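These notes are about the structure you will find just below.
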Amino acid sequence: MTSRAVLVALALCAAGAASGCTRKPTAAEGAPIEAGPAASARAESTPPASSAPGASPASNDARPKDRTMALRITISTPEKQYQLAHPIKLHVEYTNTASAPVTFREPPRTWEVAIVVMRPGSDAVERQAAFGKTFYTRQGGMERRSIEDADDVTLASGQSYGFTEDVGTRFPHLFEPGNWVIKVTDRSGTETIESNTLPLHIVIAKESLPRLLDLAEKSTGPSDPNSMSSEDVTAVTIREFAARFIAEIHPEFELQVPSPDAQTEAQNQTAVARARAWWDRHQDSPETLAKLVELNRASSGAASP
């Protein structure tokens, strides 16, 4: 399987078409201690149990078969308008509304928990991304896809578990200029649980261009073709997203993604450097400012490209 084919497989896994994705058993379940980049990434991202007041680890045996009537998901953001490619701090809170305790996997490390982006007045999903990571490994001719390890959390009646994710930084490609509605869905049980919806307005501003150039500058592709993750897929998508909007303002800009070779990547870096120099000279020109106004006007209420 080629690196590009692996990235496609990972994208399908992360998007929910992951019939071949299996959870790696935790050390508590008798799994050997893992080593390597994927294991290190999971270890670094796991918060201490004390970070979730009222929550405690529990075994899978305590998990109800149907949690739909027990859990309520509530989401919130500090603001309703954000600049393109800027941070968006999304707070997600799970509350047990049942009279009995309920157990579930940590949502920020569960691939069935996703942020969903829609157009106002439409139930059609425009874009979505899973919070939990998926991993691909290849060794000795064997291929395997697996999902990020996560602890279980148990909430007593009335207790809550919350986490905050900077979705604007982690998933900037989800938030193009325009009006959007977001929600969080959890498909880890027998029924899908949906949060409340929130409106967001994304604008492309002068401050967006330096951030887009930073995103375009980051090289893509895993360092080890035998060990990749869904983050590698996302990195390619983010770089393409950044290149597209830079070109909207500076049409001469062109980036070659995904999987560029060393020579092509050197050309990419040169293109980004030239675009930075162009931006320094033209960011306050009437033509540039008019273009930003035009892009925001066209995106407001318009269909997603």
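Quick note: the coordinates plus some simple rules give every number you see, no bench work behind them. Fair warning: this is a prediction, and the values are worked out from it, not measured in the lab. Here Cβ is always computed from backbone atoms with ideal geometry, including for glycine, and neighbour counts include all displayed protein chains.
Observations
- Amide H within-cut-off set for Ser229, under 5 Å, with H built and near neighbours excluded: Tyr136
- Gained length - Arg244 relative to Asp214, 0.36 nm times residue gap less alpha-carbon distance: 9.4 nm
- Here the residues Val184, Val153, ranked from fewest to most Cβ neighbours within 10 Å of their Cβ, fall in the order Val153, Val184.
- Neighbour counting of Cβ atoms within 10 Å sorts the residues Ser99, Ser219, Ser227, fewest neighbours leading, into Ser99, Ser219, Ser227.
- Packing, as the average of other Cβ atoms within 10 Å across residues, places the peptides 243-249, 274-280 in the order 243-249, 274-280, highest first.
- Derived scalar couplings ³J(HN,Hα) [the range 269-280; Karplus, 6.51 cos²θ - 1.76 cosθ + 1.60; whole Hz; x for Gly, Pro]: 5, 5, 4, 5, 4, 5, 5, 4, 5, 4, 5, 4
- With 26 Å as the limit, the listed pairs Lys133/Lys183; Lys89/Lys133; Lys133/Lys206 have Lys133/Lys206 beyond it between alpha carbons.
- Phi to ³J(HN,Hα) by Karplus 6.51 cos²θ - 1.76 cosθ + 1.60 over the range 290-299, Hz, x for Gly, Pro: 5, 5, 4, 4, 5, 5, 5, 5, 5, 7
- Gyration tensor (alpha-carbon) shape descriptor, the range 130-198, a/c threshold 1.5: oblate
- Residue-wise HN-Hα coupling along the range 163-174, computed from phi with Karplus coefficients 6.51, -1.76, 1.60 (Hz; x: Gly, Pro): 8, 10, 10, 7, 6, x, 8, 6, 10, x, 5, 6
- Over the C-alpha trace of the range 208-299, radius of gyration and Dmax come out as 14.5, 49 angstrom.
- Contact order, relative form, for the range 208-299: 29 percent (alpha carbon pairs under 8 Å, 6 or more residues apart, mean separation divided by residue count).
- Alpha carbon centroid spacing (whole Å) that separates the range 179-193 from the range 83-161: 9 Å
- The ranking of Ser157, Ser195 by Cβ neighbour count inside 10 Å, starting from the fewest, reads Ser157, Ser195.
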